[in-house]
1. Please name all residue pairs, on different chains or six or more residues apart, with Cβ atoms under 9 Å, provided the first residue is in segment 19-36 and is under 18 Å from residue 127 (Cβ atoms) and the second residue is of a type in the set (D, E, K, R) and surrounded by fewer than 21 Cβ atoms within 10 Å (Cβ to Cβ).
2. Go through segment 31-80 residue by residue and tally those that are among the hydroxyl-bearing types (Ser, Thr, Tyr), surrounded by 15 or more Cβ atoms within 10 Å (Cβ to Cβ) and at pLDDT below 80.
3. Residue under question is residue 90, and the condition is that it be in a helix (DSSP H, G or I), open to solvent by 80 Å² or more (accessible area, probe 1.4 Å) and either at pLDDT below 80 or under 25 Å from residue 69 (Cβ atoms) (or both); does it hold?
4. Which of the residues that make up segment 73-96 are without any contact (Cβ under 8 Å) to a residue 24 or more places away in the chain and charged (D, E, K, R)?
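The values are calculated or read from the model by the stated rules, or taken from the named source; none is laboratory data. Note that the structure is a prediction, hence the values are computed from the model and not measured. When we count neighbours, we look across all protein chains shown, and the Cβ atoms used for this are built from the backbone with ideal geometry, even at glycine. Accessible surface is based on the protein model in full, side chains and every heavy atom, while ligands, DNA and RNA are left aside. Shrake-Rupley method; radii C 1.70, N 1.55, O 1.52, S 1.80 Å.
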Amino acid sequence: MPTESNSATEEADLLRKQIGTARTLLLIVAAATLISALLLLPGLPGASVLENIILTGMLSVIYFILSIWTKRKPYTAILAGLLLLLIAILLDIFWNPFGPLSRWQSKLLTIFLLVLGIGDSKDAQRKMRD
C-alpha cells in the first residue's frame, strides 16, 4: 500500500505544480502588460497617456484576477487570458488601425506564455474534475 500513497502524493504534487505554472504565467503576463505600457508612456501625447494607463492597468488587473482563478479552473483561466488578448487586439484595430503593431513584443510574449501554459493547465483541470 505505500506505493499507492506515494503515487497519490506524487499526483497531488504534480497538480500543484501545474496550477502553479498556470498562475505564474498569468502573473508574468500581468506584469509584462503593465511594464510595456509604462515603457511607452514618454512617447505618448498628453490625453493618450491617461487612457493608456487606465486601459492597460485594467488588463493587468484582469490577468491578475485570472491568475487567482487558476486555483479552481487553470485551463479556463488561461483560455480566458488568450481571449482577453484577442479582444484587446481587435478593439485596438478599431481604435487605431496600426494599434496591433504597437507593443507587438508584449503581445507576442503574452501569446507565447499563455500557449505555453495550455497543456499543463488543461491536464490540471481534468485531474481536478476526476
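1. As it stands, the answer is 19/71; 23/71, since those pairs meet every condition given.
2. Residues flagged as among the hydroxyl-bearing types (Ser, Thr, Tyr), surrounded by 15 or more Cβ atoms within 10 Å (Cβ to Cβ) and at pLDDT below 80 within segment 31-80 amount to 1.
3. yes
4. 92
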